[in-house]
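S.K.: Take this structure first; my questions come after.
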Amino acid sequence: MQADHQALSHVMFGWDPLVVSTVLFIATYAVVVSEKVNRAIVAGLGAGLMVTTGVLNQQQAVAGVDFNTLGLLTGMMVLVAITRRCGVFQYVAIWAAKKVEARPWGILLMFSVVTAVFSAFLDNVTTVLLIAPITLLVTEELKVNPYPYLFAEIFSSNIGGAATLIGDPPNIMIGSAVGLTFNDFLVNLAPIVPLIMLVTLFVIYLIWGRGLSATDEARERIMQFRERDAITDVLLMKQSLSVLALVVLGFIFAHPLHLEPATIAMFGAGLLLLITNLGRDAEEQTEDVHGSFGEVEWVTIFFFVGLFIVVAGIEHAGLLNILADWVVEFTGGDMTITAIMILWVSAVASAVVDNIPFVATMIPVIESMASTFGGADNLEPLWWSLALGACLGGNGSLVGASANLIVAGFAERAGHRIKFLPFMLVAFPLMLVSIVIATAYIYLRYL
Amino acid sequence: MLVKDNIIHTKVTRPGMPVCEVFAECGRARVQALPFVDDRGNLAGRVTLKNIMKFACLPDYMVATAPLLGSFLSCVDNAQAKIEEVLASQVDPYVRELQLSIGSDEPAIKALAIMEKNDTSYLFVVDGGEYRGIITIQGIAEQMSRMYECSKQPG
């Protein structure tokens with residue numbers, strides 16, 4: 001395999017592999033950004049062309065796929081798909097709203113914190129799929145504008161997602177590629193998240209929070225919600241929360257156990273599927289497993305597969321080394337400038353394009369800088385810069401993250417359209433504030 | 001048993017028809033959908049009760065939070081006004097694409113098989129582009145029940 005990996009490309013018609021792979025890479029990126037064709041189709045075709053044109057052979061293409069990332073994503077998606085059926089997340093949201101006696105600003109705060117915490121352990125899309133409907137229901141009953149709530153939840157999901165290895169796909173990719181553990185993310189990224197949340201919520205308070213009010217009658221309607229009604233299956237709730245807790249423990253102790261995150265997530269998914277199907281006949285089991293697998297975002301999984309191969313193509317052809325050399329030349333090989341540049345470029349790029357292809361490209365670019373900075377162990381500030389930039393940058397615009405679009409979709413169907421430009425006018429500067437905080441954090445802690 | 005033995009004859013919906021007429025006709029004929037005929041008289045789509053309810057009365061967030069809904073909600077107080085608003089509106093925004101249809105001389109078992117395959121409980125009966133009526137699982141079940149009762153009667 002190693003020999004294959006190092007083998008020279010035999011590109012059709014004797015074309016230069018660097019040119020062919022660069023054209024394919026740019027074309028794939030451009031079509032993904034245009035959103036005219038489903039991104040899994042685009043990445044799949046890009047990957048196929050990398051192989052059929054001869055930039056990569058099949059073994060090299062397969063070697064380029066990070067199966068740890070795919071396993072972790074798939075395992076967590078199955079776990080969350082099963083867990084969410086029991087209604088526990090909605091239970092927590094209603095419980096939180098009642099804890100603050102249905103005061104409008106209190107609810108905004110609680111929903112933001114709940115969103116951030118959920119996002120740290122679930123994917124952001126799932127989190128907002130769970131919290132946005134409750135928010136619209138509650139704000140409808142309170143007779144308050146749902147916009148500040150949804151805005152805060154978008155920010156909270158992307159900020160919270162930055163805190164852990166499993167919170168956001170960029171972190172999963174970085175952790176998997178570099179071998180950073182769940183605890184590494186927890187120790188290095190989680191500490192800055194509360195401060196960014198605090199500042200973000202303070203700004204939201206200044207803009208909208210002071211104007212939020214509701215009548216006693218409206219608040220009383222919220223207090224009449226029975227959070228227990230949200231729990232649709234108590235047994236399933238116990239089973240799924242137990243397995244989720246085991247999986248998180250597994251992530252925490254992964255290093256001493258010599259386990260990869262994908263193994264833990266897939267094992268957890270298998271275990272939960274088993275215990276939720278005990279006592280069922282074969283047909284019922286098939287139907288249940290089919291339903292659970294059906295909720296996995298296969299478009300995202302296949303997008304990753306294609307993307308890994310496209311990036312492997314440009315890596316194999318040498319484009320990423322050229323990019324890395326260019327970055328090092330630009331920054332003069334200074335770690336501080338390089339880290340801050342990666343943080344800011346990642347943030348701005350992630351605000352306007354999908355952060356997944358960006359991070360997939362940046363990982364090998366940063367890996368190529370190891371020799372400049374005295375070895376792979378010294379690259380840690382760059383990884384945290386990339387992770388923070390990619391995750392927080394998603395807040396910069398409505399298209400910055402999938403979760404943002406999910407919230408906008410719910411809002412629009414409920415008659416509260418979130419417009420692109422007005423959102424960005426507040427979101428982009430606020431995202432930059434979070435990047436300023438992240439810059440200070442990276443500088444003070446690592447540089 | 002053929003499709004034509006089970007046809008339920010209904011009116012068709014047309015552009016500009018109020019939703020209240022659709023509800024009344026569906027209730028009378030005990031069907032969940034009616035065909036939609038365009039200005040030229042061509043069969044152009046269908047209007048289903050489920051679709052009208054979904055888009056006129058049920059925002060996504062209510063569906064997602066269904067177990068939490070209760071009689072204390074403000075939308076319950078506004079129900080009468082909402083009903084009047086929905087019934088007075090026109091069917092046009094609720095028209096969906098035409099689904100599979102079946103000919104009246106086809107066997108009823110084929111209609112059942114098509115319904116099962118497409119996860120629906122009704123099919124429009126169309127001969128040569130002309131709407132004849134609707135066949136439903138409920139109608140077929142009633143017909144089967146009548147046949148069974150007849151077979152039990154002496155003589």
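S.K.: Restrict the search to region A:351-428; then list the trypsin sites (Lys or Arg not before Pro) that DSSP places in a loop and that have at most 14 other Cβ atoms within 10 Å of their Cβ.
M.R.: Sites meeting the loop and neighbour criteria: A:Arg417, A:Lys419.
S.K.: Let me ask something else. Averaging sequence separations of C-alpha pairs under 8 Å and six or more residues apart, then dividing by the length of chain B, give the relative contact order as a whole percent.
M.R.: 33
S.K.: If I build a Gaussian network model for chain A, linking alpha-carbon pairs within less than 10 angstrom, which residue out of A:Arg39, A:Arg228, A:Arg280 has the largest mean-square fluctuation?
M.R.: Checking each option, the largest mean-square fluctuation is seen for A:Arg280.
S.K.: Provide a whole-number value for the mean count of partner chain Cβ atoms within 10 Å of the Cβ atoms in peptide A:270-276. Working shown, then result.
M.R.: Details: counts 0, 0, 0, 0, 0, 0, 0.
That average works out to 0.
S.K.: State to the nearest 20 debye the size of the charge dipole of chain A about its Cα centre, where the only charges are +1 on K and R beta carbons and -1 on D and E beta carbons.
M.R.: Dipole size: approximately 1220 debye.
S.K.: Could you tell me whether region B:1-49 comes out rounded, prolate or oblate from its Cα gyration tensor? Rule is a ≥ b ≥ c as square roots of the eigenvalues, rounded for a/c under 1.5, then prolate if a/b exceeds b/c, otherwise oblate.
M.R.: The shape class here is oblate.
S.K.: When the Debye formula is applied to the Cα atoms of region B:3-152, each taken as the same point scatterer, what base-10 log of I(q)/I(0) results at q = 0.14 Å⁻¹?
M.R.: -0.77
S.K.: Let me spell out the model: positive unit charges on the Cβ of Lys and Arg, negative unit charges on the Cβ of Asp and Glu, origin at the Cα centre of region A:267-322. What dipole size does that give, in debye rounded to 20?
M.R.: The dipole magnitude comes to about 340 debye.
S.K.: Tell me, what ³J(HN,Hα) does each residue in region A:419-428 have, in order and in whole Hz, if you take phi through Karplus 6.51 cos²θ - 1.76 cosθ + 1.60 with θ = phi - 60° and put x for Gly and Pro?
M.R.: Karplus-based 3J(HN,Hα) across region A:419-428 equals 7, 4, 6, x, 5, 5, 4, 9, 5, 5 Hz.
S.K.: Here's a follow-up. ³J(HN,Hα) across region B:44-55 via Karplus (A = 6.51, B = -1.76, C = 1.60, θ = phi - 60°), whole Hz, x for Gly/Pro?
M.R.: Along region B:44-55, the couplings run 10, x, 9, 10, 10, 4, 4, 5, 5, 4, 4, 8 Hz.
S.K.: In addition: Taking one equal scatterer on every alpha-carbon of region A:332-447, how large is log10 of I(q)/I(0) by Debye at q = 0.12, 0.23 1/Å?
M.R.: With one equal scatterer per Cα and no solvent, log10 I(q)/I(0) is -0.46, -1.19.
S.K.: So, one more: How much mean residue ellipticity at 222 nm does chain A get from its helices, if each DSSP H run of length 4 or more adds -39500 (n - 2.57) and you divide by all residues, to the nearest 500 deg cm²/dmol?
M.R.: Result for chain A: -24000 deg cm²/dmol, rounded to the nearest 500.
S.K.: HN-Hα J couplings of region A:352-362 from phi, Karplus 6.51/-1.76/1.60, θ = phi - 60°, integer Hz, Gly and Pro as x?
M.R.: 10, 10, 4, 6, 5, x, 4, 5, 4, 6, 6
S.K.: Placing +1 at every Lys and Arg Cβ and -1 at every Asp and Glu Cβ, with all other atoms neutral, what dipole size does region B:29-86 have around its Cα centre, in debye to the nearest 20?
M.R.: On the way: 6 positive and 6 negative charges, 60 e Å.
Computed about the Cα centre, the dipole is about 300 debye.
S.K.: Classify region B:77-155: rounded, prolate or oblate, from the alpha-carbon gyration tensor (a ≥ b ≥ c, eigenvalue square roots; a/c under 1.5 rounded; otherwise prolate if a/b is larger than b/c)?
M.R.: oblate
S.K.: Just to confirm the number: angle between the C-alpha axis of helix A:402-413 and the first principal axis of chain A, 0 to 90 degrees, nearest 10?
M.R.: It is inclined by approximately 40 degrees.
S.K.: Next question. Starting at 0 and stepping by 10 Å, how many percent of the alpha carbon pairs of chain A end up in each bin?
M.R.: P(r) for chain A, in whole percents per bin: 4, 20, 29, 26, 14, 5, 1, 0.
S.K.: A follow-up question, please. Take the Cα atoms of region A:169-253, find their three principal axes, and give me the spread along each one in whole Å, biggest first.
M.R.: 53, 41, 18
S.K.: Among B:31-39, A:390-398, A:116-124, how do they line up from the highest to the lowest mean number of other beta-carbon atoms within 10 Å?
M.R.: In decreasing order of mean packing, B:31-39, A:390-398, A:116-124 become A:390-398, A:116-124, B:31-39.
S.K.: Here is a follow-up. What residue among A:Phe304, A:His290, A:Leu212 has its Cα farthest toward the positive end of the dipole of chain A, where the charges are +1 on Lys, Arg and -1 on Asp, Glu, each on the Cβ?
M.R.: Highest projection toward the positive end goes to A:Leu212.
S.K.: Averaged over B:70-77, how many beta carbons belonging to a partner chain fall within 10 Å of each residue's beta carbon?
M.R.: For this peptide, the per-residue mean of nearby foreign Cβ atoms is 4.
S.K.: Also, I was wondering about something else. Partner chain Cβ atoms within 10 Å, averaged over the residues of A:210-221 - can you pull that number for me?
M.R.: 1
S.K.: Of A:Val138, A:Val352, A:Ile252, which is farthest on the positive side of the dipole of chain A, counting Cα position, with +1 on Lys and Arg Cβ, -1 on Asp and Glu Cβ, and the Cα centre as origin?
M.R.: Highest projection toward the positive end goes to A:Val138.
All of the numbers you see were taken from the coordinates with simple rules; none came from a lab. Since the structure is predicted, the reported quantities are computational estimates derived from the model, not experimental observations. Quick reminder, even Gly has a Cβ in these numbers, built from the backbone with ideal geometry, and neighbours come from all protein chains shown.
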